[in-house]
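The values are calculated or read from the model by the stated rules, or taken from the named source; none is laboratory data. These numbers come from a predicted model, not from an experiment. Neighbour counts run over all protein chains shown; Cβ positions are idealised from the backbone, glycine included. Accessible surface is based on the protein model in full, side chains and every heavy atom, while ligands, DNA and RNA are left aside. Shrake-Rupley method; radii C 1.70, N 1.55, O 1.52, S 1.80 Å.
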Amino acid sequence: MTDRTPNLLLTGLLLALLAVGCQGDGAEVPPADAADPASTTDAPPPPTDGLTTVVDRLPLPDPATGPAAEPNLFAASDGRVHVTWFERLDDADYALRFATLEPGGETWSAPRTIVERQDFFVNWADFPSIHELPDGTLAAHWLLRTGDGPVDYDVQIAWSEDGGDQWSDPVVPHRDGTESEHGFVSVVPVDPDERRIGALWLDARNLVLADSGRADGPRAMTLRWTTLTPEGLGEEVLLDDQVCDCCQTSAAMTSQGPVAVYRDRTDDEIRDISIVREVDGRWTEPAPIHDDGWQIAACPVNGPMIAADGDDVVVAWYTRGSDDKPRVRVAFSSDAGASFGTPVRVDEGNPGGRVAVELLPGGEALVSWLENEGESATVRLRTVATTGAMGESIEVAATLSGRSSGFPRMARAGSDLVFAWTDSSGDEPGVRTARARLVGNDR
């Protein structure tokens with residue numbers, strides 16, 4: 001059983017909080033320390049000219065005023081970008097806050113507080129989010145401790161209809177009532193006209209209910225979905241009854257409906273990436289993005305990311321494959337995720353994963369990941385085309401390879417690209433951000 005320390009919010013030690021692990025049925029796998037890229041069979045092709053390039057990479061002022069970590073980003077339809085983070089207020093209290101970057105702006109707005117509490121569940125790999133619908137309605141999610149167990153926590157989702165000044169009482173999207181793990185949430189707008197969002201999460205209820213014969217599947221982590229509006233909840237749906245314990249999920253909206261990707265889990269402990277799609281109001285059975293064949297009796301805490309535009313979909317993920325060599329792969333779909341082409345490898349030989357991905361017009365994607373060098377790491381970025389051609393690997397920021405650096409995030413707003421990451425190199429962690437500009441391919 002993987003070690004997972006209890007929530008440390010009351011200790012006031014944010015760096016220790018960020019070192020909290022993830023519970024699974026085997027020991028957690030640390031990021032790879034070494035790899036021989038020459039020994040792999042899918043080395044990246046040489047960089048190709050003519051693809052979208054990233055220029056004018058400039059740091060932005062820090063959005064947070066105190067010790068902060070776990071940033072997340074969301075690009076609104078009008079070109080603004082929101083950033084969320086956890087900020088320590090004192091030894092007991094923390095605040096979930098957000099700020100906004102206007103199109104062409106050079107600094108974040110003054111921070112605004114979504115909620116302050118002492119009983120957040122804070123985890124280096126499982127972070128809150130904010131989303132904005134076209135009419136300006138905001139939805140935010142976070143995790144709240146609910147029981148005596150170290151991983152007993154619920155998802156909380158709240159709404160704001162005045163731009164973030166006031167927030168509704170939160171609702172819980174899952175309705176099982178068990179004291180168990182509910183997290184690794186992905187939120188996606190599914191019907192903006194009705195202010196409807198979809199929420200996807202990992203749910204451990206069957207680990208509790210199985211002993212009493214009330215589980216709706218094997219004694220395993222499950223993947224579940226529901227929809228929400230400010231007025232109420234939709235139907236709760238079981239999407240997969242056996243998935244990896246604590247890898248991030250990711251969801252996107254295609255022309256045919258919502259799609260979700262996650263790290264799956266078989267009885268033989270193959271933990272490759274799967275996709276489920278809602279088509280004509282019904283969810284499909286899980287299907288693999290690619291047969292990596294990564295067999296591991298543990299959770300690598302390293303989930304996939306997906307982006308979509310119409311029928312075009314791109315997925316990025318970390319894997320070790322059947323040869324146990326670390327790599328970051330990218331695969332494209334032109335039929336709303338029903339099928340994917342052969343994945344291409346984008347890393348430089350020793351990736352730590354923690355991917356982010358954005359889809360560009362014209363059949364390209366931007367992929368970011370951590371590339372490790374001992375205890376240090378860099379946030380890297382590449383342009384990748386559906387043909388497999390790719391641009392140079394660009395360094396976005398220097399960071400650390402350990403858990404304290406969290407998961408770097410990326411969001412595209414038109415021709416602007418915004419990055420956020422945790423800087424844990426000093427005495428106290430901080431949220432750092434930067435902006436770049438996209439040039440080429442009619443951008």
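All told, ALA140 falls short of being in a strand (DSSP E or B), surrounded by 18 or more Cβ atoms within 10 Å (Cβ to Cβ), modelled with pLDDT of 95 or more and more than 18 Å from the chain's Cα centre (by Cα).
Of the listed requirements (1) open to solvent by less than 30 Å² (accessible area, probe 1.4 Å); (2) over 22 Å from TRP283 (Cβ atoms), PRO173 misses just one: (2). Among the candidates ALA99, ALA34, ALA64, the residue that is part of a loop (DSSP other than H, G, I, E, B) and modelled with pLDDT of 95 or more is uniquely ALA64.
Within segment 64-80, the set of residues being of a type in the set (Asp, Glu) and crowded, with 23+ Cβ neighbours inside 10 Å comprises just one member, GLU70.
Determine, yes or no, whether ALA331 is open to solvent by less than 10 Å² (accessible area, probe 1.4 Å), touching a residue at least 12 places away in the same chain (Cβ under 8 Å), of a type outside the set (S, T, N, Q) and farther than 20 Å from PRO45 by Cβ. Answer is no for this residue. Quick test for you: out of ASP280, ASP291, pick the one residue that is at positive phi, open to solvent by 30 Å² or more (accessible area, probe 1.4 Å) and without any contact (Cβ under 8 Å) to a residue 24 or more places away in the chain. Sole residue among the options that is at positive phi, open to solvent by 30 Å² or more (accessible area, probe 1.4 Å) and without any contact (Cβ under 8 Å) to a residue 24 or more places away in the chain: ASP280.
Taking into account only those residues within segment 334-360 that are more than 21 Å from ALA260 (Cα to Cα) and open to solvent by less than 10 Å² (accessible area, probe 1.4 Å), which is nearest to the chain's Cα centre (by Cα)? Out of the qualifying residues, it is GLY352. When CYS247 is tested against (1) surrounded by fewer than 22 Cβ atoms within 10 Å (Cβ to Cβ); (2) under 20 Å from ILE273 (Cβ atoms), exactly one condition is not met: (1).
Scanning segment 420-433 for residues that are within 19 Å of ASP56 (Cβ to Cβ) and open to solvent by 10 Å² or more (accessible area, probe 1.4 Å) gives TRP421, ARG432.
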